[in-house]
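Asker: There's a structure below that I have some questions on.
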Amino acid sequence: MTLSGKRILLIIGGGIAAYKSLDLIRRLRERGAAVRCLMTAAAQQFVTPLSVGALSADHVFTDLFDRDDEHDVGHIRLSREADLVVVAPATADLMAKLAHGLANDLASNVLLAANKPVLIAPAMNPKMWEHPATRRNAEQLARDGVRLVGPNAGEMAESGEAGEGRMAEPLEIVAAIEAMLDDNPGPLSGKTIIVTSGPTHEPIDPVRYIANRSSGKQGHAIAAALARLGADVRLVSGPVAIADPQGVKTVHVESAVEMRDAVEQLLPADAAIFVAAVADWRAESTAAQKIKKGPGEDAPVLRMTENPDILATVGHHAKRPRLVIGFAAETDHVEKNAAGKLKRKGADIIVANDVSHGSGIGPSGVMGGDRNKVVIISRGGAEEWPEMDKHGVAERLAALVAERLESAES
Ligand code: CTP
């Protein structure tokens, strides 16, 4: 009984997928969970409180202004008395309300008052799921720490339309719940890890800067993978277009100097992983006013000065973490160049990225792709990993960090 003693508050939204929630209640109770249900008005058009109550063997909450319900439990206590709040099906309307903090019925009030983790299983027409408003809401919810399971692709029950929008199957939702309520601490729990990610922007004047095409995808994926293994992750990110990873404390910076200062502030740490594509140079002086082009004037000359090497600074720091990992983008002599970097920068591992064959390169032929082929260089030698997507590299690197920190302790 994997969920023995766990209390789940299930909010059932108004969609045809509500019929699957009946099975979900059964599956959760089979695993030992106590399930208390709350139904929106629309949900009651699809399944009845009578069936939900019979399966959950508990009172079903439906009305914000029910005097008896408020007297016995109250909408604030409803969420407080649960270990996890699950919304299944989560309609576009419920997602929008939660993303914007609306509270005009019992479900939205409970969600806003919840101080427990929230898992939502979206279910809606594929066009509604694809709509920019729903996309924005889903991203906002992820940023707020709400977990999503599904939706899956397939044919819609009511319209026969195909696409993404089908609610995840009850057993998939159960697996997501089990993962969220897993009491086993991950192998990195209690460990603090700093990760740098993204590009840096080096100012020229108040409106112009020098940058590079780093997307931050690899660094952010590593931060998220470390957090999933229980680490306390501090991500120092340059300007990127992707969301902050879940479960990670993110510090936003612009320039290399700001990134160095932010990283030094976060020391001491057990490990530090430098994935950011830090600009090697910055403008020697930054104009306080926008540089104007005068008639007949020559183009300005930019004098550059070297940026601090953040990896090398931390690799030789008095508060050096036990494990220091750098990245290197190489086109030739991959292992030899990376081994040189290992020594020079005081790193324990260099993840060398062979960019000569196009891996890690985006569709336009530049940085920012979704796949990566890396060689792991340490004093012990070189280990080549097969090409995989950036999440795969992140998972495997996080496992390697856990292994290295554990062997350093024993
Ligand atoms: N790095 C850093 N601070 C810098 C420059 C680089 O922390 N100012 C880190 C990067 O995050 C990465 C590694 O050092 O972990 C990359 O080293 P770098 O010397 O920039 O190598 P490449 O990017 O591979 O390029 P090159 O060898 O051409 O300099």
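Asker: Please go through segment 277-291 and give me each residue that is near the ligand (Cβ under 8 Å from one of its atoms) and over 17 Å from G346 (Cβ atoms), ordered by number.
Answerer: Hits for segment 277-291 are A277, A279, D280.
Asker: Given the structure, is L112 more than 16 Å from S21 (Cα to Cα), modelled with pLDDT of 90 or more and out of contact with any strand residue (DSSP E or B) (no Cβ under 8 Å at 6 or more places or on another chain)?
Answerer: When the stated conditions are applied, L112 passes them.
Asker: Identify all residues within segment 372-388 that are of a type in the set (K, R) and either surrounded by 16 or more Cβ atoms within 10 Å (Cβ to Cβ) or in a helix (DSSP H, G or I) (or both); write none if there are none.
Answerer: Passing the criteria: only K373.
Asker: Name every residue in segment 314-332 that is more than 8 Å from the ligand (Cβ to nearest atom), outside any helix (DSSP H, G or I) and modelled with pLDDT of 95 or more, in order of residue number.
Answerer: H316, H317, A318, K319, R320, P321, R322, L323, V324
Asker: Given the conditions (1) within 15 Å of the ligand (Cβ to nearest atom); (2) in a loop (DSSP other than H, G, I, E, B), report the number of the one that G294 does not fulfil.
Answerer: The failed condition is (1).
Asker: Quick check: is even one residue across segment 345-355 at pLDDT below 95, crowded, with 19+ Cβ neighbours inside 10 Å, among the charged types (D, E, K, R) and more than 9 Å from the ligand (Cβ to nearest atom)?
Answerer: Scanning segment 345-355, I find at least one residue that is at pLDDT below 95, crowded, with 19+ Cβ neighbours inside 10 Å, among the charged types (D, E, K, R) and more than 9 Å from the ligand (Cβ to nearest atom), so the answer is yes.
Asker: Among the candidates E264, E258, E335, single out the residue that is more than 10 Å from the ligand (Cβ to nearest atom), of a type outside the set (A, V, I, L, M, F, W, C), assigned to a helix (DSSP H, G or I) and under 25 Å from E409 (Cα atoms).
Answerer: E264
Asker: Same structure, new question: Out of the residues in segment 303-344 that are buried (at least 18 other Cβ atoms within 10 Å of the Cβ) and among the charged types (D, E, K, R), which is farthest from E284 (Cα to Cα)?
Answerer: E330
Asker: Residue by residue through segment 8-23, note down the ones that are part of a loop (DSSP other than H, G, I, E, B) and closer than 16 Å to D105 by Cβ.
Answerer: Of everything in segment 8-23, those that are part of a loop (DSSP other than H, G, I, E, B) and closer than 16 Å to D105 by Cβ turn out to be G13, G14, G15.
Asker: Looking only at segment 135-151, decide whether some residue is more than 18 Å from the chain's Cα centre (by Cα) and touching a residue at least 12 places away in the same chain (Cβ under 8 Å).
Answerer: Looking through segment 135-151, none of the residues is more than 18 Å from the chain's Cα centre (by Cα) and touching a residue at least 12 places away in the same chain (Cβ under 8 Å).
Asker: Which of the residues that make up segment 94-117 are surrounded by fewer than 22 Cβ atoms within 10 Å (Cβ to Cβ), touching a residue at least 12 places away in the same chain (Cβ under 8 Å), aliphatic (A, V, I, L, M) and in contact with a Leu (Cβ under 7 Å, 6 or more places away or on another chain)?
Answerer: Result: A99, single match.
Asker: Still on this structure, I have one more. So which residues in segment 389-405 are of a type in the set (A, V, I, L, M, F, W, C) and crowded, with 17+ Cβ neighbours inside 10 Å?
Answerer: Within segment 389-405, V393, A394, L397, A398, L400, V401, A402, L405 qualify.
Asker: Got a sec? Which of A221, A269 is under 20 Å from the mean Cα position of the chain (by Cα), within 24 Å of T192 (Cβ to Cβ) and not charged (D, E, K, R)?
Answerer: Of the residues listed, the single one that is under 20 Å from the mean Cα position of the chain (by Cα), within 24 Å of T192 (Cβ to Cβ) and not charged (D, E, K, R) is A221.
Asker: Condition (residue is modelled with pLDDT under 95, surrounded by 16 or more Cβ atoms within 10 Å (Cβ to Cβ), in contact with a Pro (Cβ under 9 Å, 6 or more places away or on another chain) and part of a helix (DSSP H, G or I)) applied to segment 156-166: is it met by at least one residue?
Answerer: No, that holds for no residue.
Asker: Now a separate question. Step by step: first the residues of segment 31-58, then only those that are farther than 19 Å from V110 by Cα and within 31 Å of the chain's Cα centre (by Cα), then the one that is surrounded by the most Cβ atoms within 10 Å (Cβ to Cβ). Which residue is that?
Answerer: A33
Asker: Kindly provide the set of residues from segment 99-120 that are under 14 Å from L9 (Cβ atoms) and of a type in the set (A, V, I, L, M, F, W, C), ordered by number.
Answerer: Within segment 99-120, L106, A107, V110, L111, L112, A113, A114, V118, L119, I120 qualify.
Asker: Going through segment 224-245 one residue at a time, which ones are crowded, with 21+ Cβ neighbours inside 10 Å and either more than 10 Å from the chain's Cα centre (by Cα) or not aliphatic (A, V, I, L, M) (or both)?
Answerer: Those that are crowded, with 21+ Cβ neighbours inside 10 Å and either more than 10 Å from the chain's Cα centre (by Cα) or not aliphatic (A, V, I, L, M) (or both): L226, A231, V233, R234, L235, V236, S237, G238, P245.
The values are calculated or read from the model by the stated rules, or taken from the named source; none is laboratory data. Nothing here was measured: the structure is a model prediction, and the numbers come from that model. Glycine gets a Cβ as well: all are built from the backbone with ideal geometry, and neighbour counts include every protein chain shown.
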